[in-house]
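Asker: Shown below is the structure under consideration.
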Ligand SMILES: [Zn+2]
């Protein structure tokens, strides 16, 4: 889905865009950077020594240099910079990528910690590019992490501190609308209108709880999308379209008659989500917990000492302490994908839900009448608390995966959006009516506050 040309390395390269690294011998380094990057799958130019005869560059830096400017010293000291640069491969972390370049784990940690206020490396992905500049002692001088033309993060040394910054180019954002009728599938229809697969993907995500776009789309289905188009302004004054931004409003109307609309609403500063016209969140909520429990005996963590094996392992689920025999409920509607013994988890049930989610329930004492493939409703009893498998006492080990990857169930509950609250209803109604009007100016439908 993310196969746009914008992600090809060659287009991200221009030396000018790396100009913020105004360092001695930057020229030789960037030449190597470009040479190296012409190969596909790129990884190159690690640990480039800087020529000793390098003259200090008259700083063309667009932002202040960390070091004080030397006032015409007769013999300026030579600044040595060691560059490591490259691109994250599929499935690779920044730590692994830098390790390939012999950068120590301690430095990687220093980078990640310093950048945390502006960027969390857990969201790093293949194709992201980085460039590290170190001095002779191996200290970090500058670091740049680039996710796209409009998303860059930098670190710059200021004395003992590394200062993190998000570099945002001047983006012009305009609202635009696409609407169409599907003849084959949603991707083709949106693409035919000149937009990328990314927009289709975002659209499908909004309605993922209501419509299965891979199966239930029919020719004649209609879609409307109101979204932001982002343009990158370059210094010459011209601008270039760099891609779709946020979807502001969306509607999907099936030929069979069912229709779904959603609008984006910021319920808190910088935090928003998608809501139906009646103010309910498009995401369907799972139960807060799959049982009535006494306490959480172990929460989701990526590192803890296992009570039985004594090894430090991640605990990628929640342990709910409860009396043996306590009924366990399905957290949401779904289909049973597993019922049986599963190693250390003992008697286990797995349920597949919409939107790529799967919930697991372990250490059960017994099952009700339940078979694989059977569909279950939210809060239906799917087992009883026990201590089967590797367990110190009766508890439920509950975990949640999305597209095969562990997610923190407690965070998921927080993320599953609550409906628009009472005091925000008026504000929501105003935003909603404006967006729906812009989405489809010809719509006869009039949305009133009564819908709330
Ligand atoms: Zn557990």
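The values are calculated or read from the model by the stated rules, or taken from the named source; none is laboratory data. Predicted model, so just to flag it, every value in this text is computed and none were measured. Every residue, glycine as well, gets a Cβ built from its backbone with ideal geometry; the counts of neighbours run over all protein chains shown.
Asker: So in region 313-326, with the set limited to residues that are assigned to a strand (DSSP E or B), touching a residue at least 12 places away in the same chain (Cβ under 8 Å) and more than 16 Å from residue 387 (Cβ to Cβ), which one is nearest to the ligand (Cβ to nearest atom)? Break it down stepwise before answering.
Answerer: Start the filter on region 313-326 by keeping residues that are assigned to a strand (DSSP E or B), which leaves 313-315, 318-321.
Now restrict to residues that are touching a residue at least 12 places away in the same chain (Cβ under 8 Å): 314-315, 318-321.
Right, trim to more than 16 Å from residue 387 (Cβ to Cβ) and you get 314-315, 318.
Numbers: 314: 11, 315: 6, 318: 7 Å.
Applying the filter and picking the extreme gives 315.
Asker: Here is a check on your reading of the model: is residue 361 surrounded by 13 or more Cβ atoms within 10 Å (Cβ to Cβ), modelled with pLDDT under 95 and either over 30 Å from residue 222 (Cα atoms) or within 16 Å of the ligand (Cβ to nearest atom) (or both)?
Answerer: Details: surrounded by 13 or more Cβ atoms within 10 Å (Cβ to Cβ): yes; modelled with pLDDT under 95: no; either over 30 Å from residue 222 (Cα atoms) or within 16 Å of the ligand (Cβ to nearest atom) (or both): yes.
Criteria not met by residue 361.
Asker: With 262, 289, 323, 268 as the choices, which residue is assigned by TED's automatic domain parsing to the domain that holds residue 210 and either within 17 Å of residue 394 (Cα to Cα) or crowded, with 16+ Cβ neighbours inside 10 Å (or both)?
Answerer: Working: 289 fails: assigned by TED's automatic domain parsing to the domain that holds residue 210; 323 fails: assigned by TED's automatic domain parsing to the domain that holds residue 210; 268 fails: either within 17 Å of residue 394 (Cα to Cα) or crowded, with 16+ Cβ neighbours inside 10 Å (or both).
Unique residue meeting the criteria: 262.
Asker: May I pose another question? Give region 268-286 a look and list any residue that's assigned to a strand (DSSP E or B) and touching a helix residue (DSSP H, G or I) at 6+ places or on another chain (Cβ under 6 Å), or say none.
Answerer: Kept after step one, since they are assigned to a strand (DSSP E or B), are these residues of region 268-286: 268, 271-275, 281.
If the condition is that a residue be assigned to a strand (DSSP E or B) and touching a helix residue (DSSP H, G or I) at 6+ places or on another chain (Cβ under 6 Å), then 274 is the only one that fits.
Asker: Oh, and also: Among residues belonging to region 393-405 that are within 12 Å of the ligand (Cβ to nearest atom) and assigned to a strand (DSSP E or B), point out the one that is farthest from the chain's Cα centre (by Cα).
Answerer: Among those that are within 12 Å of the ligand (Cβ to nearest atom) and assigned to a strand (DSSP E or B), it is 395.
Asker: Run down 370, 390 and say which single residue is within 16 Å of the ligand (Cβ to nearest atom), over 22 Å from residue 407 (Cβ atoms) and assigned to a loop (DSSP other than H, G, I, E, B).
Answerer: Values: 370 fails: within 16 Å of the ligand (Cβ to nearest atom).
It is 390.
Asker: Mind checking whether some residue in region 228-242 is touching a helix residue (DSSP H, G or I) at 6+ places or on another chain (Cβ under 8 Å), surrounded by fewer than 18 Cβ atoms within 10 Å (Cβ to Cβ) and free of Cβ contacts under 8 Å to residues at least 24 places away in the same chain? Steps first, please.
Answerer: Applying the first criterion (touching a helix residue (DSSP H, G or I) at 6+ places or on another chain (Cβ under 8 Å)) to region 228-242 yields 242.
From what's left, surrounded by fewer than 18 Cβ atoms within 10 Å (Cβ to Cβ): none.
The answer is no; no qualifying residue exists.
Asker: Need the failing condition index for residue 252 against (1) touching a residue at least 24 places away in the same chain (Cβ under 8 Å); (2) part of a loop (DSSP other than H, G, I, E, B), just the number.
Answerer: That leaves (2) as the condition not met.
Asker: Next up: Against the condition free of Cβ contacts under 8 Å to residues at least 60 places away in the same chain and within 30 Å of residue 201 (Cα to Cα), how does residue 378 come out, does it pass?
Answerer: For residue 378, the condition - free of Cβ contacts under 8 Å to residues at least 60 places away in the same chain and within 30 Å of residue 201 (Cα to Cα) - is not met.
Asker: Scan region 336-353 and tell me whether some residue there is in contact with a helix residue (DSSP H, G or I) (Cβ under 7 Å, 6 or more places away or on another chain) and within 15 Å of the ligand (Cβ to nearest atom). Outline the logic, then answer.
Answerer: Kept after step one, since they are in contact with a helix residue (DSSP H, G or I) (Cβ under 7 Å, 6 or more places away or on another chain), are these residues of region 336-353: none.
Looking for residues that are in contact with a helix residue (DSSP H, G or I) (Cβ under 7 Å, 6 or more places away or on another chain) and within 15 Å of the ligand (Cβ to nearest atom), one finds none in region 336-353, hence no.
Residues checked against (1) more than 25 Å from residue 244 (Cβ to Cβ); (2) in the same structural domain as residue 225 (by TED's automatic domain parsing):
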| site | (1), (2) |
| --- | --- |
| 104 | yes, no |
| 109 | yes, no |
| 124 | no, no |
| 129 | no, no |
| 135 | yes, no |
| 160 | yes, no |
| 176 | no, yes |
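Asker: Then there is this: Which residues, taken from region 243-259, are buried (at least 18 other Cβ atoms within 10 Å of the Cβ) and out of contact with any helix residue (DSSP H, G or I) (no Cβ under 7 Å at 6 or more places or on another chain)?
Answerer: Within region 243-259, the first condition is being buried (at least 18 other Cβ atoms within 10 Å of the Cβ), and the residues that meet it are 243-245, 247-252.
245, 252, listed by residue number.
Asker: Any residue in region 383-396 that is within 28 Å of residue 280 (Cα to Cα), out of contact with any helix residue (DSSP H, G or I) (no Cβ under 6 Å at 6 or more places or on another chain) and in contact (Cβ under 8 Å) with a residue 40 or more places away in the chain?
Answerer: The answer is no, given that none of the residues of region 383-396 is within 28 Å of residue 280 (Cα to Cα), out of contact with any helix residue (DSSP H, G or I) (no Cβ under 6 Å at 6 or more places or on another chain) and in contact (Cβ under 8 Å) with a residue 40 or more places away in the chain.
Asker: Going by what's in this entry, would residue 423 be described as away from the ligand (no atom under 15 Å from the Cβ) and either modelled with pLDDT of 95 or more or surrounded by 13 or more Cβ atoms within 10 Å (Cβ to Cβ) (or both)? Outline the logic, then answer.
Answerer: Values: away from the ligand (no atom under 15 Å from the Cβ): yes; either modelled with pLDDT of 95 or more or surrounded by 13 or more Cβ atoms within 10 Å (Cβ to Cβ) (or both): no.
Judged against the criteria, residue 423 is not a match.
Asker: Which numbered condition trips up residue 197, out of (1) touching a helix residue (DSSP H, G or I) at 6+ places or on another chain (Cβ under 7 Å); (2) in contact (Cβ under 8 Å) with a residue 60 or more places away in the chain; (3) not assigned by TED's automatic domain parsing to the domain that holds residue 256?
Answerer: Evaluating residue 197 over (1) touching a helix residue (DSSP H, G or I) at 6+ places or on another chain (Cβ under 7 Å); (2) in contact (Cβ under 8 Å) with a residue 60 or more places away in the chain; (3) not assigned by TED's automatic domain parsing to the domain that holds residue 256 leaves (3) as the failure.
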